[in-house]
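**Q** One structure, as structure tokens, below. Some questions next.
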Amino acid sequence: MASPPHPPGSRQGRGQRHPLERMALLLASLVDVHLRMALQEVGRDRRRLVGGMVLLGMGLGLLATSFLLASGALVVWLVRGLGWGLVPALLAMGVLDLALAGIALRVAGVLLQGPYLVKTRAGLVKATRLIAGR
């Protein structure tokens, strides 16, 4: 005996899904995988960046204190020990501070460079190429 025909809106299995529905499910699955990967990478990068920023803040605070003390001592030495006037001694300290600040900012810029979310971006590029057929 033949089985009764299925109503037009019913689905019996995976193979009978509309191609657009299968494509939408595939895209949703890809987005879900990449979202999970991105969240994992963000968690790792966030811990690294927060830890680095806390240590950077501590280091900057201590460095600022030591520079203030060293600058004061150098100005006193230039004025009393070498007989410089107060204005030339302060100008010399300003030039020295600018040079050291430039070096510190350059080094900090190099240290903070770096690719973020490398695996996520690579996975998205790969998935996009597969979908686009490139």
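Please treat every number below as a calculation from the coordinates, not as lab data. What you see is a predicted model, and the numbers here were worked out from it, not measured in a lab. All Cβ positions, glycine included, derive from the backbone under ideal geometry; neighbour counts span all protein chains shown.
**Q** Among the chymotrypsin sites (Phe, Trp or Tyr not before Pro) within region 46-134, which fall in a DSSP loop and have no more than 16 other Cβ atoms within 10 Å of their own Cβ?
**A** W84, Y116
**Q** If I model a spin label as a point 7 Å beyond the Cα along the Cα-Cβ vector, how far apart are those points for L98 and L30 in nm?
**A** The modelled label-to-label distance comes out at 5.4 nm.
**Q** Please work out how much length the chain gains when fully extended from S66 to R129, using 0.36 nm per residue of separation minus the C-alpha to C-alpha distance, in nm with one decimal.
**A** 17.3 nm
**Q** Sticking with this structure for a sec: Which trypsin sites (Lys or Arg not before Pro) in region 41-72 sit in a loop by DSSP (not H, G, I, E or B) and have at most 16 other Cβ atoms within 10 Å of their own Cβ? Can you show the working numbers first?
**A** Details: sites: R44, R46, R47, R48; in loops: none.
Nothing satisfies the criteria.
**Q** When only C-alpha pairs under 8 Å and at least 6 residues apart count, what is the relative contact order of region 22-132, in percent?
**A** Working: 26 pairs, mean separation 52.3, N = 111.
Reported as a whole number, the value is 47 percent.
**Q** What angle do you read, to the nearest 10 degrees and between 0 and 90, between the alpha-carbon axis of helix 86-112 and the longest principal axis of the chain?
**A** That helix lies at roughly 20 degrees to the long axis.
**Q** Please give the contour-minus-distance gain from V118 to L55: 0.36 nm per residue of separation, less the Cα-Cα distance, rounded to one decimal in nm. Each step should come with its number before you reach the end.
**A** Values: separation 63, 0.36 × 63 = 22.68 nm, distance 2.43 nm.
This chain segment gains 20.3 nm when fully extended.
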